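Trainee: Right, I'll just put the structure down here and ask away after.
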């Protein structure tokens, strides 16, 4: 079945360093969504990308949707301790439309 | 807006007992989702309602699980009988529009422990 894979699974960075997580789908996606889950919290919607090659920014966060609409990335510039959490990408299944979540990338930031 | 409300926040029960989890979606949202999250399996969709009607329940693990949405402002997920492997965090989410392609707003979750 369709899979949404994220790498890396874990990332430890020093505060101030940059961070990137990558999301890859086995099939073309109509859109990609990104969520953040703080430790002990719930997933919170960050952004949705729809267009091929689309780039969106939210302050220090830059989201990109690949030209083939099969991959996406989230880049955080100059990480802060408030960035700690697990970042999930999610895309709708080409068969069922059901939203499929990646397994997430857990970011730890050392102050 | 109050956001998605779930109760209880924590539930500890013994194997074999019935467990009922409750969810109040954001007012005006017409899509509701129940998810289960574990370390091993990640975030799994259990069931999806649209306008109070179950659309996709293919993620419901087995007959021990059932979900209802009697009206637009309330949904329940019931496990009867519960088993230790049901221990997980259960999230309810709602979406302002119909379909999978729109953003979902998650509640705080119910952490279920079955001993």
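Derivation of every value follows stated rules applied to the coordinates shown; laboratory data play no part. The shown structure was predicted, so the numbers you read here are calculated from the model rather than taken from an experiment. Here Cβ is always computed from backbone atoms with ideal geometry, including for glycine, and neighbour counts include all displayed protein chains.
Trainee: Quick check on region B:3-115: what does the Kirkwood estimate of hydrodynamic radius come out to from the alpha carbon pairs, in Å?
Mentor: This gives a value of 13.8 Å.
Trainee: What's the FRET efficiency of residue B:30 with residue A:13 using the Cβ-Cβ distance as r and R₀ = 35 Å, to the nearest 0.05?
Mentor: 0.30
Trainee: Another question, if that's okay. Taking Rh as the Kirkwood radius, which is the inverse of the mean 1/r over Cα pairs, what is the Rg/Rh value for the protein assembly as shown?
Mentor: Taking Rh as the inverse mean 1/r over Cα pairs, Rg/Rh reads 0.97.
Trainee: Would you work out if region B:24-65 is rounded, prolate or oblate? Take a ≥ b ≥ c from the square roots of the eigenvalues of the alpha-carbon gyration tensor; rounded if a/c is under 1.5, else prolate when a/b is larger than b/c, oblate otherwise.
Mentor: Oblate is the answer for region B:24-65, as a/c is 1.5 or above yet b/c matches or exceeds a/b.
Trainee: Using the number of other C-beta atoms within 10 angstrom as an exposure proxy, rank A:29, A:99 with the fewest first.
Mentor: Listed from fewest to most nearby Cβ atoms, that is A:99, A:29.
Trainee: What ranking of B:33, B:106 emerges when the number of other C-beta atoms within 10 Å of each C-beta is taken as an exposure proxy, fewest first?
Mentor: Ascending number of Cβ neighbours within 10 Å: B:106, B:33.
Trainee: Order by neighbour count: A:67, B:11, fewest other Cβ atoms within 10 Å first, most last.
Mentor: In increasing order of surrounding Cβ atoms, one gets A:67, B:11.
Trainee: A further question on this structure: When N counts the residues of chain A, how does its alpha-carbon radius of gyration compare numerically with 2.2 N^0.38 Å, as a ratio?
Mentor: Dividing the Cα radius of gyration by 2.2 N^0.38 Å gives 1.02.
Trainee: Going by a ≥ b ≥ c, the root eigenvalues of the Cα gyration tensor, does region A:50-101 fall in the rounded group (a/c under 1.5), the prolate group (a/b larger than b/c) or the oblate group?
Mentor: oblate
Trainee: Then there is this: I'd like the distance between the alpha-carbon centres of region B:36-115 and region A:43-111, rounded to an integer number of Å.
Mentor: Distance between centres, Cα-based: 23 Å.
Trainee: A further question follows. Shape verdict for region B:1-48, please, from the Cα gyration tensor: rounded (a/c under 1.5), prolate (a/b greater than b/c) or oblate.
Mentor: Taking the square roots of the gyration eigenvalues as a ≥ b ≥ c, region B:1-48 is oblate.
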